[in-house]
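To keep things clear, I will list the structure first and then write my remarks on it.
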Amino acid sequence: IARIVDDKVLKSFVNFAQINGIEPVVEVYNEVDLDKALRTDTRIIGVNARDLDTFEIDVNKAAELIKEIPSHISVIGFSGISTRQDIEIYKKAGAKAVLVGSTLMNTKDIPGTIKELKQTLFREYSRLCENFQNKSKVEKLINILKEESQVDAIQLEEGGLFNFKTMI
């Protein structure tokens, strides 16, 4: 967490981790934190939508901060994810991943909640697949989806997420 250490300590933590084969995630909340993180060699920044002083969450503020991060750095959206729309906000801002915490801790249906949140990812895969003309590429993508999500390809097609007729 960038805000709890000074520049020198943050740089040394990042360097120590990288020298030892670990890619650290530097967490930021505001522009001051981001400036500090950017002065290190970090390749991953997590933008927290939760103000650690007040515990208020503002996904839109986090998304604006994400837009300021150079494209060579991978970005993770932290906190405030309770719907697919929250994931979309992070994604449109440039986040490559999200960290879901409280939503999973507070649900009684973890698999259902994960499935609901992942629908955003399937829509993106669907858009990509519509551009494929090569059957083998489509089959590879379906296998990846099945492995990663444990969702049967037939369910994907029945759910309208893929239109195999236009892909093949």
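The values are calculated or read from the model by the stated rules, or taken from the named source; none is laboratory data. Here the structure is a predicted model, which means the values were calculated and not measured. Here Cβ is always computed from backbone atoms with ideal geometry, including for glycine, and neighbour counts include all displayed protein chains. Please note that ligands, DNA and RNA were not included when accessible areas were found on the heavy atoms of the full protein model with its side chains. Shrake-Rupley method; radii C 1.70, N 1.55, O 1.52, S 1.80 Å.
Sub-8 Å Cβ pairs linking a first residue in the range 14-37 that is in contact (Cβ under 8 Å) with a residue 60 or more places away in the chain and closer than 23 Å to E68 by Cβ to a second residue that is open to solvent by 10 Å² or more (accessible area, probe 1.4 Å) and among the hydrophobic types (A, V, I, L, M, F, W, C), at least 6 apart or interchain, number zero. Residue count for the range 62-90, restricted to those that are open to solvent by less than 80 Å² (accessible area, probe 1.4 Å) and basic (K, R): 1. Kindly indicate the residue of the range 92-103 that is out of contact with any Leu (no Cβ under 9 Å at 6 or more places or on another chain) and assigned to a helix (DSSP H, G or I) and also nearest to H72 (Cα to Cα) among those meeting that condition. The extreme case among them is K92.
No other residue among N48, N60 is over 30 Å from I19 (Cα atoms) and either over 14 Å from the mean Cα position of the chain (by Cα) or at pLDDT 60 or above (or both) apart from N60. Scanning the range 71-91 for residues that are over 23 Å from T54 (Cβ atoms), in a loop (DSSP other than H, G, I, E, B) and aliphatic (A, V, I, L, M) yields a single hit, I73. Among the residues making up the range 16-52, those that are in a helix (DSSP H, G or I) and open to solvent by less than 60 Å² (accessible area, probe 1.4 Å) are A17, Q18, D33, L34, K36, A37.
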